[in-house]
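The values are calculated or read from the model by the stated rules, or taken from the named source; none is laboratory data. Predicted model only: the values in this text are computed from it and were never measured. Here the Cβ is made from the backbone with ideal geometry for all residues, glycine too, and neighbour counts use every protein chain on show.
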Amino acid sequence: MDFNFEEAMNRLSAISELMSNKNISLDDSLKLYTEAAELIEKCGKYLDEAKLVVEQAEMKA
C-alpha cells in the first residue's frame, strides 16, 4: 500500500477527535494512541524525504 500523507493527516485529526471523547475506553484509547504514533512516524519520514527532494532540486537549479 502506498503512503498517502493527506489521508494520514486526516486520520490523525479523526483520532484526535475520538480521543477527546471522555467516554472512550482505556483499551480504545491505547489502540488509537498506537495508531497515531505510527502515523506520526510515517508522516515524519515522508516529510524528511520530501525535504530532501526539494533540497536536491534546489541544488540542480
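Residues of region 29-56 that are among the charged types (D, E, K, R) and exposed (fewer than 12 other Cβ atoms within 10 Å of the Cβ): 38, 41, 45, 48, 49, 51, 55.
Of all residues in region 8-20, those satisfying the criterion of being surrounded by 11 or more Cβ atoms within 10 Å (Cβ to Cβ) and not small (Gly, Ala, Ser) are 9, 10, 11, 12, 15, 18, 19.
Within region 1-17, count every residue that is at pLDDT below 95 and among the aliphatic types (A, V, I, L, M). Here the count works out to 1. Pairs are defined by a Cβ separation below 6 Å, a sequence spacing of at least 6 or placement on different chains, a first member in region 44-61 that is closer than 19 Å to residue 12 by Cβ, and a second member that is at pLDDT 95 or above and surrounded by 10 or more Cβ atoms within 10 Å (Cβ to Cβ); the pairs so defined are 46/5.
So, of the residues in region 2-38 that are under 20 Å from residue 49 (Cβ atoms) and in a loop (DSSP other than H, G, I, E, B), which turns out to be farthest from the chain's Cα centre (by Cα)? The residue in question is 2.
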